[in-house]
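Report on one structure; see the data block that follows.
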Amino acid sequence: MAYRVAAFYQFAALPDFRELREPLRALCAAHGLKGSVLLANEGINGTLAGSVEGIAGLVEALQHGPLFAGRLDNLELKYSTAGAAPFQRLKVRLKNEIVTLGAADADPTKRVGTYVDAAHWNDLIADPATLVLDTRNAFEVAMGTFAGAVDPGIKSFGEFKQFTTQRLDPARHRRIAMFCTGGIRCEKASAYLLARGFAEVFHLRGGILKYLEDMPESQSRWRGECFVFDERVALGHGLRERQK
């Protein structure tokens, strides 16, 4: 069986996120899905795998069903495939943040950087006036990154604050272009930088996964593979699984 994999997130006010946990778990189970979903006051973040029909049913329910009542109408979605089951269990967890930074003023529901589609990303990062910043953890960067990107050398996303304090300067770094796996870390990181006076902050819409899906390999500035948090380990151009 070939599995359909959906990676999704949205920053949205979910003050009732605790009450949503069990109904969401039941919904995922009813569609035969496995994977992980995080719920917090600030939104939802997850990756689930199952049949094409099961994934489609879940996405429809998230976006248009009564459980979220229209609050996930701007869900960021990316699809890929897996030859074997990439998850063995279904987990729906409650968190303080759907991506942990620990900065109260980094609120993507109020302000984020400028989105850049994959088609325009190459030109932006080729400009020498642009600081290209990989916001992922060091072990992810080691597997692949964009040519010329700065590796912050962090072990967890929470260390991005310390990196910003020590290495970035609003007076010198006037234009920053950030990227991450699916876009979620960059949304919060861009909000954090804007709150600290950085003038121009851009981030890759849909993250590396969307870039690898849309950009022809012959025109790509990506080098290596993109780490993913499931048993596939990494994906390449066209979101192909790595050869095992």
Region 93-107 residues that are free of Cβ contacts under 8 Å to residues at least 40 places away in the same chain, paired with ones that are open to solvent by 80 Å² or more (accessible area, probe 1.4 Å) and assigned to a loop (DSSP other than H, G, I, E, B) (beta carbon under 9 Å, 6 or more apart): none
Among the residues of region 35-76, the number that are among the aliphatic types (A, V, I, L, M) and open to solvent by 40 Å² or more (accessible area, probe 1.4 Å) is 4
Out of all the residues in region 74-91, which are closer than 12 Å to residue 6 by Cα and among the small types (Gly, Ala, Ser)? 80, 82
For residue 154, work out the one condition from (1) assigned to a loop (DSSP other than H, G, I, E, B); (2) open to solvent by 50 Å² or more (accessible area, probe 1.4 Å) it doesn't fulfil. (2)
Taking the condition of being hydrophobic (A, V, I, L, M, F, W, C), under 19 Å from residue 181 (Cα atoms), open to solvent by less than 70 Å² (accessible area, probe 1.4 Å) and more than 16 Å from the chain's Cα centre (by Cα), how many residues in region 107-136 meet it? 5
Is there a residue in region 90-106 that is in contact with an Asp or Glu (Cβ under 7 Å, 6 or more places away or on another chain) and either open to solvent by 20 Å² or more (accessible area, probe 1.4 Å) or among the hydroxyl-bearing types (Ser, Thr, Tyr) (or both)? yes
If you take just the helices (runs of 4 or more DSSP H) that sit entirely in region 158-219, which of them hold at least 1 residues that are closer than 23 Å to residue 110 by Cα and among the polar types (S, T, N, Q)? 160-167, 184-195
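The values are calculated or read from the model by the stated rules, or taken from the named source; none is laboratory data. Nothing here was measured: the structure is a model prediction, and the numbers come from that model. All Cβ positions, even for glycine, are placed from backbone atoms using ideal geometry, and neighbour counts span all protein chains on display. Areas reflect the complete protein model, heavy atoms only, side chains present, ligands, DNA and RNA absent. Shrake-Rupley method; radii C 1.70, N 1.55, O 1.52, S 1.80 Å.
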